[in-house]
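Worksheet: one structure, shown below.
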Amino acid sequence: MERRKITVRSIASMKGKEKIAMITAYDYPTAKLVDAAGVDGILVGDSLGMVVLGLENTLGVTLADMLIHVAAVARAKPKALVVADMPFMTYETGTRDALRNAAKLIRAGAEAVKPEGGQEIFDVVEKLVKYGIPVMGHIGLNPQRVLSLGGFRMMGRTEEQAKKVVEDAKALEEAGAFAVVIEFVPASVAKAATESVKIPTICIGAGPYCDGQILVLHDVIGLSERPPSFAKRYADVAAVIKNAVANYIEEVKKGVFPSAEHYRD
Ligand code: KIV
């Protein structure tokens with residue numbers, strides 16, 4: 001039986017019934033593959049800056065970069081929900097900019113957008129939702145704050161920070177977000193946030209008590225140079241690629257490739 005298209009409503013209705021499995025993808029072939037594997041949601045994350053473009057962090061990712069990758073993923077016509085990250089400084093500068101930039105991501109093929117932040121972006125989230133753009137929140141560690149944080153640090157360790165994670169989740173729900181990503185906080189904090197809202201929480205590095213999980217594809221398949229400690233590697237695709245290319249080089253050098261089936265006289 002063909003899988004039904006997953007929408008923001010389907011994701012929202014999974015809370016308490018079925019765990020949500022999301023993963024990132026940044027291009028057409030990997031979007032096809034993760035969708036065929038049955039993932040519920042694909043995030044075209046600004047992590048593409050680090051795992052695809054070779055940047056130190058996500059701050060250098062532009063809206064133009066995102067539009068190319070969102071369009072490539074959308075061309076795969078996944079059954080999974082396609083969510084696009086709003087890059088650094090494309091929504092913090094006011095609701096007009098946020099609306100204009102989110103609309104570009106939607107026109108490129110995204111079905112929802114994900115800005116980073118909690119209570120401080122309440123107005124932005126509310127406005128996007130009001131005008132028909134579904135929003136997935138992102139709280140806990142916000143990688144776009146890496147400079148002020150002084151690194152990719154676990155959040156929610158102090159009582160004050162833990163309270164902020166829960167209050168941020170509640171604020172995003174009130175603003176109309178259909179789900180919220182919680183990144184790199186203690187499991188107990190993610191649990192408290194999950195229990196305090198009716199929208200699904202989708203965690204990364206935040207333990208098992210959330211409504212779903214999300215990981216970066218390149219960490220999962222062994223293509224990341226520096227995967228975070230909380231990621232799990234399920235395959236060693238780097239070794240497969242190196243081996244295939246080494247075999248190709250050897251056959252070229254020896255004159256074994258191309259052989260008769262690969263050319264015509
Ligand atoms: O950019 C990204 O891949 C993300 C995930 C880590 C949630 O935001």
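The values are calculated or read from the model by the stated rules, or taken from the named source; none is laboratory data. Here the structure is a predicted model, which means the values were calculated and not measured. Virtual Cβ from ideal backbone geometry, glycine too; neighbours counted across all protein chains shown. These area figures cover heavy atoms from the full protein model, side chains too; ligands, DNA and RNA do not enter into them. Shrake-Rupley method; radii C 1.70, N 1.55, O 1.52, S 1.80 Å.
Among the residues making up the stretch 8-48, those that are within 16 Å of the ligand (Cβ to nearest atom), among the hydrophobic types (A, V, I, L, M, F, W, C) and either under 20 Å from V61 (Cα atoms) or surrounded by fewer than 17 Cβ atoms within 10 Å (Cβ to Cβ) (or both) are I23, A25, A31, I42, L43, V44, L48. The set of residues in the stretch 169-190 being closer than 18 Å to G205 by Cα and open to solvent by 10 Å² or more (accessible area, probe 1.4 Å) consists of E183, F184, P186, A187, S188, V189. So, in the stretch 12-49, exactly how many residues are in a helix (DSSP H, G or I), touching a Pro at 6+ places or on another chain (Cβ under 9 Å) and either more than 19 Å from E111 (Cα to Cα) or not assigned by TED's automatic domain parsing to the domain that holds A80 (or both)? So the count comes out to 1.
Being within 16 Å of the ligand (Cβ to nearest atom) and not basic (K, R) is the filter here; which residues of the stretch 112-123 pass it? Across the stretch 112-123, the qualifying residues are A112, V113, P115, E116, G117, G118, I121. Filtering the stretch 244-257 for residues that are assigned by TED's automatic domain parsing to the domain that holds K114, among the basic types (K, R) and open to solvent by 80 Å² or more (accessible area, probe 1.4 Å) leaves an empty set. Restricting I106, I139 to residues that are assigned by TED's automatic domain parsing to the domain that holds C203 and either in contact with a Ser or Thr (Cβ under 7 Å, 6 or more places away or on another chain) or more than 12 Å from the ligand (Cβ to nearest atom) (or both) narrows the list to I106.
Looking across the stretch 74-103 at every residue that is small (G, A, S) and modelled with pLDDT of 95 or more, the one that is nearest to the ligand (Cβ to nearest atom) is identified as A84. For the stretch 74-93, a residue qualifies if it is open to solvent by 20 Å² or more (accessible area, probe 1.4 Å) and of a type in the set (D, E, K, R), and the qualifying residues are R75, K77, K79, E92. The helices (runs of 4 or more DSSP H) falling completely within the stretch 94-166 include none with 2 or more residues that are closer than 13 Å to E183 by Cα and open to solvent by 70 Å² or more (accessible area, probe 1.4 Å). The condition (being more than 30 Å from L149 (Cβ to Cβ), in a helix (DSSP H, G or I), open to solvent by 10 Å² or more (accessible area, probe 1.4 Å) and in the same structural domain as D123 (by TED's automatic domain parsing)) is satisfied by just one residue among A71, A64: A71. On the stretch given as the stretch 89-121, residues that are more than 13 Å from M136 (Cβ to Cβ) and acidic (D, E) total 3.
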